[in-house]
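Some notes on the structure that comes next.
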Amino acid sequence: MPSGVASEIDGADIYSYQYGGATSYIDSTYQYAWLAGGTTSDVTGAWIDAYVSVGTASGDVTGVYTEPEVASGTVGGAVIGVEAYPYITAGSIGGNLTGVYSVPYAEAGTIAGGVYGIYDTSYIAGSTVTGSMYGVYINNIISSGSAANRYSLYIAAPTGSVSGSDYAIYDAATQPNYFAGSVGIGTTAPGALFTVGNNNFEVTSSGAVTASGGSVTLNNGTSNTIYYGTTGVAVPGTASAGEKIQLYGTAGTVAASDFAIGVSSQIL
């Protein structure tokens, strides 16, 4: 757009319809970039530049917008907005093999909204989905061959600074999160189901908690309570003396039956 104001600019509007009958596929756009021999720097199925150099776009600037729709009829397979299938059958690639590559680039000017690398909205407005609903579904498969490392989700360290909040992951959902494998904070090799640091604090799948190489501190004034034992024997509260730390017996006394831990000269 050389100058001026536009609410929408479409490089190409492509519609593919079927009003009846049967077909195997409906493709609005099918692009095939193929290197059968020789050498090239890049192979790109579709390269799209959407930019504003001068003027104002009152709406959005979008590289790819797709809205597949089934108004009636039956789809025996899948309904896909964008399908990318780059592959190599022989030869070599000096760079990367990438399904979808997105670089929204804000060089100058003002953006009233946000900058999104990928913006995804999964929307059910009345249909019945017998399967599951996914905002993002990632499936890394190695059927043969090998890879040095595998990251199903990798977030590189951000650069630059922001004036407000700065998060690597921000989850505003109140639903629980599920992790089938171990979780490590500050370690790439968690030794238990939940590990902090170099195995200094661990929680096993059975609920056992281990702290080593440091101390466990409860910072909440005099309201801290350490639970040890079973109800009526050592847990402060019902059927016990209610002390902050209580072993066996009566609070304030040390008898032979109290020696669940070693006590020197009966001073604790």
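Observations, loosely collected:
- For segment 75-83, backbone phi angles converted through the Karplus equation (6.51, -1.76, 1.60; θ = phi - 60°) give residue-by-residue couplings of 10, x, x, 10, 10, 10, x, 9, 10 Hz, Gly and Pro being listed as x.
- Remark: the Cα gyration tensor places segment 56-171 in the oblate category, a/c being 1.5 or greater and a/b not exceeding b/c.
- Each of Ser165 and Thr128 was given a label point 7 Å from its Cα along the Cα-to-Cβ line. The distance between the two points is 3.9 nm.
- Among Phe179, Phe201, Phe194, sorting on how many other beta-carbon atoms sit within 10 Å of each Cβ, with the fewest leading, yields Phe179, Phe194, Phe201.
Just so you know, all these numbers are worked out from the coordinates, no wet-lab data involved. Every value quoted in this text rests on a predicted model; they were computed, and no experiment measured them. Cβ coordinates were reconstructed from backbone atoms using ideal geometry, including for glycine residues, and neighbour counts include every protein chain displayed.
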